[in-house]
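Below you'll find the structure, written out as structure tokens, and then a few comments.
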Amino acid sequence: MEEKKYITLPESTNVLKLYIKTKDGKETGEYLEFNLKSIDLLDIYQKCIDETQKNRSWITNQFAIIDKKQDFTKKGEILSNNEKEKYNAIKKYYLMQKETFDLFLGKGGVNKLLYGRKLEWETLIEIETIIKEQIAPHFDITMNNIVDEIKTKYKTDITSQPEVLE
């Protein structure tokens with residue numbers, strides 16, 4: 001029987017783990033994880049920003065469309081027809097934005113930040129603030145930093161042609 005031969009894969013050395021705690025300082029046991037050297041990190045963050053803008057445009061357009069409709073209230077109902085449509089549009093917007101944040105935070109990232117709470121009216125603002133003020137500052141990523149790090153690591157000009165493995 002032939003003996004199995006193995007190769008050993010290196011572990012990523014620049015993984016940022018941000019542990020989550022409640023406002024009163026209790027550790028939740030959850031954390032968000034980011035590979036700071038991932039070639040996709042900037043793309044993912046930019047996609048989150050772009051999708052957030054699309055989602056905001058979508059909800060603004062939905063409200064404009066609804067506002068042009070004639071409104072009426074059925075007997076015995078709390079909300080008018082237009083108010084119900086706006087309410088449903090907001091609920092859809094919140095779910096869309098939750099998915100957008102999860103693109104960046106990782107699958108289930110929003111739920112980790114909610115820590116058992118349901119989506120609330122302020123939740124999206126809270127999460128956006130957490131991303132901008134508590135997560136993004138950890139990413140000292142600029143194109144110059146990336147190029148400088150590659151040059152240092154490989155001691156080469158990355159704009160030149162790579163050597164072919166022979």
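The values are calculated or read from the model by the stated rules, or taken from the named source; none is laboratory data. This one's a predicted model, so the numbers in the text were calculated from it and none came from an experiment. No Cβ is skipped: glycine too gets one built from the backbone with ideal geometry, and neighbour counts run over all protein chains shown.
Structure notes:
- Scanning segment 19-36 for residues that are out of contact with any Asp or Glu (no Cβ under 8 Å at 6 or more places or on another chain) and either surrounded by 14 or more Cβ atoms within 10 Å (Cβ to Cβ) or not charged (D, E, K, R) (or both) gives T22, G25, T28, G29, E30, Y31, L32, F34, N35, L36.
- Within this structure, K69 passes the test of being at pLDDT 95 or above, in contact with an Asp or Glu (Cβ under 9 Å, 6 or more places away or on another chain) and over 21 Å from K132 (Cβ atoms).
- Top-ranked residue in segment 107-131 [being among the charged types (D, E, K, R) and farther than 19 Å from L18 by Cα; ranked as surrounded by the fewest Cβ atoms within 10 Å (Cβ to Cβ)]: K118
- Scanning segment 107-142 for residues that are assigned to a loop (DSSP other than H, G, I, E, B) and over 18 Å from K26 (Cα atoms) returns K107, G108, K118, L119, E120, W121, E122, F139, D140, I141, T142.
- Search result, residues across segment 1-18 that are aliphatic (A, V, I, L, M) and surrounded by 10 or more Cβ atoms within 10 Å (Cβ to Cβ): V15, L16, L18
- Restricted to segment 66-106, and to residues there that are free of Cβ contacts under 8 Å to residues at least 12 places away in the same chain, of a type in the set (K, R) and farther than 30 Å from E30 by Cα, the residue that is surrounded by the fewest Cβ atoms within 10 Å (Cβ to Cβ) is K75.
- Residues that are of a type in the set (F, W, Y) and either within 21 Å of G108 (Cα to Cα) or part of a strand (DSSP E or B) (or both) are absent from segment 56-69 altogether.
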